[in-house]
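What follows is a short report on a single structure.
Read-outs: derived from the displayed coordinates by stated rules, not from any lab. All figures in this text were calculated on a predicted structure; none of them were measured in a lab. All Cβ positions, even for glycine, are placed from backbone atoms using ideal geometry, and neighbour counts span all protein chains on display.
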Amino acid sequence: RALAPLPFALHWIDSRDGVFPPDPLPGAECEHSDPVQAAVPGLAPQSFVLIMSFSHAEDLEVVAACLQRQRERADLDFIGLIGSATKWAVFRKRLAQRGFSEEEMDQVTCPIGLAGITGKEPEVIAVAVAAQLLQRRG
């Protein structure tokens with residue numbers, strides 16, 4: 001909802017059944033993909049990708065798929081992962097074991113949101129992330 005009124009085309013991809021609202025936000029596209037990382041190759045070039053699933057395992061697979069796409073096409077403008085520095089440290093280790101370089105992993109922003117905006121409430125995180133994307137968009 002925080003991004004809906006902003007100049008972004010929203011494409012929500014989820015692996016869970018029945019998660020999408022019956023009346024999606026105007027302009028939002030909802031796609032079911034199981035596994036969700038299978039949808040990464042079909043993302044529009046220059047997409048900003050926000051990875052915020054219900055599962056660390058799924059998050060890791062989506063990050064890996066995004067990095068693979070970057071390796072092949074280098075056409076995603078932002079890859080953001082919700083989580084802590086600890087989560088990202090664990091992910092970096094696992095991604096390195098899969099053969100991703102430090103430079104490749106440096107393309108991922110984790111945690112997401114503008115620095116200096118604090119709070120764990122979903123609404124605060126949403127505003128911080130929306131501001132970060134607007135700043136990146138230029």
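Of all the residues that make up the stretch 38-59, how many are within 11 Å of the chain's Cα centre (by Cα) and either more than 18 Å from ARG136 (Cβ to Cβ) or of a type in the set (Asp, Glu) (or both)?
3
Would you confirm whether any residue within the stretch 44-54 is in contact with a helix residue (DSSP H, G or I) (Cβ under 9 Å, 6 or more places away or on another chain), more than 22 Å from PRO122 (Cα to Cα) and aliphatic (A, V, I, L, M)?
no
Can you find, within the stretch 44-76, the residue that is nearest to VAL108 (Cα to Cα) among those that are touching an Asp or Glu at 6+ places or on another chain (Cβ under 7 Å) and among the small types (Gly, Ala, Ser)?
The selected residue is SER47.
All but one of (1) of a type in the set (Ser, Thr, Tyr); (2) free of Cβ contacts under 8 Å to residues at least 12 places away in the same chain; (3) in contact with a Leu (Cβ under 8 Å, 6 or more places away or on another chain) hold for THR86; which doesn't?
Among (1) of a type in the set (Ser, Thr, Tyr); (2) free of Cβ contacts under 8 Å to residues at least 12 places away in the same chain; (3) in contact with a Leu (Cβ under 8 Å, 6 or more places away or on another chain), the lone unmet condition for THR86 is (3).
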